[in-house]
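The values are calculated or read from the model by the stated rules, or taken from the named source; none is laboratory data. Because the structure is a prediction, the values reported are computed rather than measured. Using ideal geometry, Cβ is built from the backbone for each residue, glycine included, and neighbour counts are taken over all protein chains shown.
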Amino acid sequence: MEIAPSTTKIGWIGTGVMGQSMCSHLIDAGYSVTLYTRTPSKADTLVDKGATFVRSPIEVSQASEVVFSIVGFPEDVESVLLGEDGAIAGCKPGTIFVDMTTSRPSLAEKIAAPASSRTAFADDAPGSGGDLGARNATRSIMIGGDPEPVETIMPLLELMGKTLVHQGGPGRGQHTKMVNQTLIASGMIAVCEALLYASKAGLDIQTVLKSVGSGAAGSWSLANLAPRMIQGDFDPGFFVEHFIKDMKIALEEAAAMNLALPGLALAHQLYQAVAAQGHSKDGTQALILALAQLNATPWQTVQTA
């Protein structure tokens, strides 16, 4: 299959924080897109740009040669791809499925089997970079799947990401994403604790960030999420509830490999506290609120101290 806007029909399932922007890049590049999302109103912006909305995942695959999915949880992936009216049930030979949800590596392997039985292909391609990376097409995309279909979809992934690396067969992209989430999890604790320390010490946090952000302590989370914490902006670039899901998957995979990851386990517990405080639909930067509460100091007070 040769990928080109004039000949390749794209299917898209899921229009959340990331999916909306990523699908938009394909439309802007001239691709015809058939779209499904569980909440039809979330498709309005993309329909206004030219996408065709349909009522089920199976209708997406019936109209498409490459089908992307980016939904919330592994059970959602199973439903939209493997369900009775799932996308795989309606696919034509040669269809390439690309699941960009962060999900279980074992599920990526499971999806590959029924796709193969229909002479289709299934890749897993989760990414990192949050809402900003999705909007700016700068995400790091970690790809699992057979080499030939992975190579075929590269022109499409190049429209959505900046760093594209094929990690191996089905499930290897998801395993790589677990590495990514493990790195982020403990790092987010450090960012929040550092901001709390700076504020409690009476420092100007903006000035502190200028000093530490470009040195050895610099990180994506410090550069992109610390300013949101300071501004009291907890809108989701990545939902707390989805991060909890990711960490749970990583811990389960680690346990299966007989690995102890105490730092990840601590981060998972702290984010459970964030959710318990009512912030499951907020962005991951809301961790600062849980740690502030742990210190009996509301973040708003800390911020202006």
Exercise. Could you tell me which of the residues SER221, SER199 is of a type in the set (Ser, Thr, Tyr), within 20 Å of the chain's Cα centre (by Cα) and part of a helix (DSSP H, G or I)?
Key: SER221
Quiz item: Taking the condition of a type in the set (Gly, Ala, Ser), within 24 Å of ALA134 (Cβ to Cβ) and in contact with a His (Cβ under 9 Å, 6 or more places away or on another chain), does ALA250 pass?
Solution: yes
Practice problem: Would you mention how many residues in region 116-147 are in contact (Cβ under 8 Å) with a residue 24 or more places away in the chain, loosely packed, with under 15 Cβ neighbours inside 10 Å and over 15 Å from the mean Cα position of the chain (by Cα)? | Solution: 1
Exercise. Please state which of the following conditions ALA276 fails to meet, knowing it meets all the rest: (1) in contact with a Ser or Thr (Cβ under 9 Å, 6 or more places away or on another chain); (2) farther than 21 Å from GLY127 by Cβ.
Key: (1)
Practice problem: Give region 253-262 a look and list any residue that's assigned to a helix (DSSP H, G or I) and either aromatic (Phe, Trp, Tyr) or loosely packed, with under 14 Cβ neighbours inside 10 Å (or both), or say none. | Solution: ALA255, ALA256, PRO262
Quiz item: Which condition number in (1) within 27 Å of the chain's Cα centre (by Cα); (2) surrounded by 20 or more Cβ atoms within 10 Å (Cβ to Cβ) is the one that GLY213 fails?
Solution: (2)
Quiz item: Looking only at residues in region 23-47 that are at pLDDT 95 or above and part of a loop (DSSP other than H, G, I, E, B), which one is surrounded by the fewest Cβ atoms within 10 Å (Cβ to Cβ)?
Solution: GLY30
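Would you pick out the residues in region 224-236 that are outside any loop (DSSP other than H, G, I, E, B) and either in contact (Cβ under 8 Å) with a residue 12 or more places away in the chain or within 19 Å of the chain's Cα centre (by Cα) (or both)?
Going through region 224-236, the residues outside any loop (DSSP other than H, G, I, E, B) turn out to be 224, 226-231.
Correct list: ASN224, ALA226, PRO227, ARG228, MET229, ILE230.
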Quiz prompt | Of residues in region 9-22 being within 21 Å of GLY90 (Cα to Cα) and free of Cβ contacts under 8 Å to residues at least 60 places away in the same chain, the one surrounded by the most Cβ atoms within 10 Å (Cβ to Cβ) | solution = TRP12
